[in-house]
Each structure stands twice: as C-alpha cells, then as structure tokens.
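Peer 1: For reference, the structure I am asking about is given below.
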Amino acid sequence: MAETGNRLRKLLESPNFDPQNYVKQLSQQSDGDRDLQEHRQKIQNLADETAQNLKKNVYKNYRQFIETAKEISYLESEMYQLSHILTEQKSIMESITQALLSTDKDETSKEMQAAFPKETEEVKQRTLTSLLEKVEGGKNIMDTPGRHLVYNGDLVEFDVDNMSPIQKVHAFLMNDCLLIATWLPNRRGTVKYKYNALYDLESFAVVNVKDNPPMKDMFKILMFPDSRIFQAENSKIKKEWLEILDETKKNKVTKDTHKKVEEAPSSPVRAEVSTNPFDVDDEPAGAEESVDLSPEWIQELPEDLDVCIAQRDFEGAVDLLDKLNEYLKDQPVTQRVKELRLKVDERVRQLTEVLVFELSPDRSLRGGPKATRRAVSQLIRLGQSTKACELFLKNRAAAVQTAIRQLRIEGATLLYIHKLCNIFFTSLLETAKEFEMDFAGNTGCYSAFVVWSRSAMRMFVDAFTKQVFDSKESLSTAAECVKVAKEHCQQLTEIGLDLTFTLQSLLVKDIKAALLSYKDIIMEATKHRNSEEMWRRMNLMTPEALTKLKV
C-alpha cells in the first residue's frame, strides 16, 4: 500500500504529468466503479497528507516569520535615523566648503582692492549709473554718497508656497543694499526694468536652497517675516551670487565697525571731576562705553541665527546663544546691549517655534523616541525643559496610539493580545529609557512621566477590554490574556517603574463583570440540565434485587 502511494506521488509530482491522459488511461484500465472509487480515495489521502505537511511547515516557520518582521521594523527605523544623520553631515560639509571658498575669495578680493583701489571704485560707480538709467523709478538710488555696484544679473522669482515661477527680475547688488527690478513687457527707449524693492544688507539673510529637480539653482532671501526665492541661470551663477552676497555683507559690517571706532574718540569726554554729589546719574553713560560689542561675530549674530534656523542647524544656533550669554554675563546692561537682546530674543522665539514643530505629533512618528532627542536637548538648553517634557510625552502618546491602531485584529484573541502587549510595553520601556537619558538633570519632570504612564496605561486597557471582555470571550481565554498583560507589565520594574497596581485597578471592574456573567451562565446551564432529568422512584422489594441492579 505504501509503495503504491509513493508511486502515485512520484507520478503526480513529475514535470511531464498530463491530467487528461492520466484520467483516460485510468478509465481504460479500471474494471468498474469500485476501482475508480479506490483510486479516488488514494488521491484524496495523498492530498490530505500534503495539506497536513504544509500546515506543519507553516506552524514551524511562523515564529521565524514574526522575528523577521520585527527585525525588518527595527532596520527600517535605524535606516531612517541613518538617513537623518547623513543629511545633517551633508549640510555640515556644504557649509564648511562654502566657508572655505568665501575665505579664499575674501583674500583675493582684498589683494585686488589693494592693487587697484581707485580704478575699481570709479568703474563700478560709472557702471551703476549707466545701469540705473535703465530702471524706471531708480534715479534717487545714486543720491547716497559712496554707493557703487558690486554685482548684477538676471534671476527668476518663484512663489514660496507652491514653487511656481512668478516673474523675471534683474538684481543689482551694491555695497550697502540690494535692488530688485522687474522686466518691463513694453520697453520705452532705454528703460528696460521697473523698480520693485530695495533691501538694506543688514535687513535680510541669504540661504542656499538644496536642489530638488526640477527645482534647482535656487537661493532664498529671508526678510522677517517674509521671504523670496530666486533661481539663477545655472549652478555657477548661483554660487557666485551666494559668495558675493556673503562677502559684501561682511565688508559692510567691517566698514561700519571701523567707522564707529573712529568716531568714538570725537565724542565729548568730561575732563573735570565734578564735586557735585548728585552727578552719580552720569555713571550709566560711562558704563555704556565699557561694553565692547564691536567683535565681528556679535555684529553678525542675528544674521547667523537666521541662517542656522533656516538650515535647521539647531545645535549651531544654541551654541551661538550660549556664547553670547557667556560674553555678556558680567557686562552692564546698556542701551546697545538691550537692542542686541531684543534682536536675539526674536530669533530665540523663532527657534523655539521650529523646535516645537519638530516635536509636534503632526510630524512623522517614525524612528522611535530617539528621533526626538535632538529637538528635546536643544529646548532644554534654551531653558524650556517643561515645554520639552510636555511635547516629548505628547509625541510619544501619539506614536503609541498610532501603533495600537495599526495593529490588525486577526486570528485568535490570545495572539492579538500577545502582539498588543509586545507593542505597548516595548514602546513604554523605550520611552522611559529615552526620557531618563534626555531629562537626567531635570528631576522635576519625572512626576510628569509617571502621570503620562498612567494615561498611556488607560489607553492600553481600553484596547485590551474591547478585544477581550466586550467580545464575550471564554473565561479561560480572558484569564490567559490577563496573565500575559501582567507578565509584560512586570518588565517595567527593570527601570524602577511598577504599573502592576494601575493595571489591576483598571481591569478589576471588567474581571468582576466577567466572573459574574460566567456564574450566571453556569447556573442557567445547571437549571436547564436539571429540568431535562427524568427521575422515577423504584421499589426493588428485596436486597438481592438491588444487588442485581448494581451489577
């Protein structure tokens, strides 16, 4: 019989098997209906055996499938973090390259200016005058003495919101301002452009826009609270615009600083010491002069903060703020310091808003709790530890809730509860470890984490109750599910967080209701069985008859 089954299996597994030919031969060789029935039974037994083997293989590899899925999920989060790190490294390398190129260009320009100072100045002024004659409404621009042309060229302006082209413009960069003129569709004589806007070099910051085909060769000009995006003809011209704009802004800052230093001695100085005791009110004026705000990095600090915020260099922005606070720590609060503080405080507000948006639940929740570490650490450095704690916990609550919602309800209830407990308590454990790492020096935030953990446990219990108790599962299945939840909850004691009492207090109501319901079911079943019993009294008359009945 076994040999016949093996031959049949080999015949059906052969690559040249033809079902029609096989049935035709079988009908010719069979003696009657009985042979066909026996052969059908053999094929059916072989099919049942094959199905059983397949089922065993599925059960055997099921755990490996689950572990593989977990590893894929972990790898996905790690790849997301790696991509984030590589993007940051790329931006750092680009900024370093631009800094080196601008340094070389500064040295070259200084040498050229030292060799041909008067000729270059006169040529640029004549060129600017001739160009501005082609701009409608730009006659008064040359009224400022010493103003000359540095660079000019055609650009295309794009809409900031939908990145669609708006108009073609011509930009004139001068030593103290930037003129934007639009092209005239109907030219009148030599006039080709129309005055659009004039920006002082100190009123805006220039930010490089990364190429994202078909949008490429672009740069952004930030004028709080507005911004404009321009596209150059090619990458070379874009690079020239960025370098020359940066160089011109630095030259203007340096020139203004030297001018202030030269004008400082000409200010009136009191040569005599007054004997009037009421002259102490004049001391703050002397204190103002004692604060040195001439260093180049302080003059460029507001613009550098704008650039750091635009390039998402949060660490660099906070480092600059720490450097300024350290510099002004022991200095008197003068009028110039107050003005600088107002400018810096506005940038701090913008930086805080960007960091808050980074931690908002609207952002991508992939990457786990480690993805929020960067924004949280910078908020803490800005003195916003309470806000950082609140936003971090809101972000993690949204991530846990999303993970629970994405969990598919399929298969047995106990299998779903295993998945639910694994997702929830693993996320809770990772959040606790990340919280302990980020807020190590802020012990006052730990109470907020305990409160958050209790609310997260309520979210878990709602999903647990809906699947176990509301679906009217058997008492044995419910008991096994509660046992699984308690075992997972005890894993949190590794980090000193024991939520077992909270879990039991939230489940006790449903457990009591399930026991009472099961009690009612048992009583109803017992009453029903008793009603079906037909007991009749019998009189066997003698002990021998009773013994005979028992046998």
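The values are calculated or read from the model by the stated rules, or taken from the named source; none is laboratory data. For clarity, every value in this text was computed on a predicted model and none was experimentally measured. All Cβ positions, even for glycine, are placed from backbone atoms using ideal geometry, and neighbour counts span all protein chains on display. When the accessible area is computed, the model is the full protein with side chains, heavy atoms only, and any ligands, DNA or RNA have been set aside. Shrake-Rupley method; radii C 1.70, N 1.55, O 1.52, S 1.80 Å.
Peer 1: Of all helices (runs of 4 or more DSSP H) completely enclosed by region 428-543, which ones contain at least 2 residues that are touching a Cys at 6+ places or on another chain (Cβ under 8 Å) and surrounded by 18 or more Cβ atoms within 10 Å (Cβ to Cβ)?
Peer 2: The helices (runs of 4 or more DSSP H) meeting that bar are 446-468, 475-489.
Peer 1: Quickly run through region 295-315 and pick out the residues that are open to solvent by 50 Å² or more (accessible area, probe 1.4 Å), acidic (Asp, Glu) and in a loop (DSSP other than H, G, I, E, B).
Peer 2: Within region 295-315, Asp313 is the sole residue that qualifies.
Peer 1: Considering only region 473-521, state which residues are of a type in the set (Lys, Arg) and either in contact (Cβ under 8 Å) with a residue 40 or more places away in the chain or closer than 19 Å to Ala463 by Cα (or both).
Peer 2: Lys483, Lys486, Lys509, Lys512
Peer 1: Quick check on this structure: which one of Ser30, Ser83 is more than 30 Å from Lys210 (Cα to Cα) and either surrounded by 10 or more Cβ atoms within 10 Å (Cβ to Cβ) or charged (D, E, K, R) (or both)?
Peer 2: Ser30
Peer 1: Let me ask another. Could you tell me whether Phe230 is without any contact (Cβ under 8 Å) to a residue 40 or more places away in the chain and either of a type in the set (Phe, Trp, Tyr) or loosely packed, with under 13 Cβ neighbours inside 10 Å (or both)?
Peer 2: So Phe230 does not fit the description; no.
Peer 1: On to the next question. Given the criterion over 15 Å from the mean Cα position of the chain (by Cα), under 30 Å from Pro302 (Cα atoms) and in contact (Cβ under 8 Å) with a residue 60 or more places away in the chain, identify the matching residue among Glu434, Glu346.
Peer 2: Within the list Glu434, Glu346, the selection yields Glu346.
Peer 1: Related question: Give Ser377, Ser385 a once-over and let me know the one that is touching a Cys at 6+ places or on another chain (Cβ under 8 Å) and either surrounded by 14 or more Cβ atoms within 10 Å (Cβ to Cβ) or β-branched (Val, Ile, Thr) (or both).
Peer 2: One residue alone meets the criteria, Ser385.
Peer 1: Another question, then. Can you pull out every residue in region 134-164 that is in a strand (DSSP E or B) and farther than 22 Å from Asn212 by Cα?
Peer 2: Of everything in region 134-164, those that are in a strand (DSSP E or B) and farther than 22 Å from Asn212 by Cα turn out to be Val135, Glu136, Leu149, Val150, Tyr151, Asn152, Gly153.
Peer 1: So Gly441 clears everything in (1) modelled with pLDDT of 85 or more; (2) over 19 Å from Leu497 (Cβ atoms) except one condition, right? Which one?
Peer 2: Going through (1) modelled with pLDDT of 85 or more; (2) over 19 Å from Leu497 (Cβ atoms) one by one, Gly441 breaks only (1).
Peer 1: Something else about it: Determine whether region 358-373 contains at least one residue that is farther than 30 Å from Lys250 by Cβ, surrounded by fewer than 17 Cβ atoms within 10 Å (Cβ to Cβ) and more than 20 Å from the chain's Cα centre (by Cα).
Peer 2: No, region 358-373 contains no residue that is farther than 30 Å from Lys250 by Cβ, surrounded by fewer than 17 Cβ atoms within 10 Å (Cβ to Cβ) and more than 20 Å from the chain's Cα centre (by Cα).
Peer 1: Looking only at residues that are among the polar types (S, T, N, Q) and open to solvent by 30 Å² or more (accessible area, probe 1.4 Å) in region 388-427, which one is farthest from Leu497 (Cα to Cα)?
Peer 2: Gln406
Peer 1: Considering every residue within region 259-275, establish whether at least one is closer than 30 Å to Lys387 by Cα, among the β-branched types (Val, Ile, Thr) and either open to solvent by 60 Å² or more (accessible area, probe 1.4 Å) or modelled with pLDDT of 75 or more (or both).
Peer 2: Looking through region 259-275, none of the residues is closer than 30 Å to Lys387 by Cα, among the β-branched types (Val, Ile, Thr) and either open to solvent by 60 Å² or more (accessible area, probe 1.4 Å) or modelled with pLDDT of 75 or more (or both).
Peer 1: Any residue in region 412-425 that's farther than 16 Å from Ser453 by Cα: show its pairings with residues that are open to solvent by 60 Å² or more (accessible area, probe 1.4 Å) and outside any helix (DSSP H, G or I) at Cβ separation under 7 Å, as long as the two are six or more apart or on different chains.
Peer 2: Close Cβ pairs (under 7 Å, with a partner that is open to solvent by 60 Å² or more (accessible area, probe 1.4 Å) and outside any helix (DSSP H, G or I)) amount to Thr413/Glu473; Tyr416/Ile409.
Peer 1: Test Asp292 against the stated conditions and say whether it is more than 20 Å from the chain's Cα centre (by Cα), open to solvent by 20 Å² or more (accessible area, probe 1.4 Å), of a type outside the set (Val, Ile, Thr) and at pLDDT below 80.
Peer 2: Yes.
Here's the yes/no breakdown for (1) surrounded by 11 or more Cβ atoms within 10 Å (Cβ to Cβ); (2) touching a helix residue (DSSP H, G or I) at 6+ places or on another chain (Cβ under 9 Å); (3) closer than 20 Å to Asn6 by Cα; (4) among the hydroxyl-bearing types (Ser, Thr, Tyr):
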residue	(1), (2), (3), (4)
Leu26	yes, yes, yes, no
Leu36	yes, yes, yes, no
Gln41	no, no, yes, no
Asn61	yes, no, no, no
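Peer 1: I would also like to ask the following. Across region 199-227, what is the total count of residues that are within 26 Å of the chain's Cα centre (by Cα) and surrounded by fewer than 17 Cβ atoms within 10 Å (Cβ to Cβ)?
Peer 2: 11
Peer 1: Further question on the same structure: Can you name every residue in region 165-193 that is at pLDDT below 85, open to solvent by 70 Å² or more (accessible area, probe 1.4 Å) and in a strand (DSSP E or B)?
Peer 2: Within region 165-193, Pro185, Asn186, Arg187, Arg188 meet the criteria.
Peer 1: Where the second residue is open to solvent by less than 80 Å² (accessible area, probe 1.4 Å) and the first is touching a residue at least 12 places away in the same chain (Cβ under 8 Å) and lies in region 9-21, which pairs have Cβ atoms under 7 Å and are six or more apart or on separate chains?
Peer 2: Close Cβ pairs satisfying both conditions: Arg9/Leu46.
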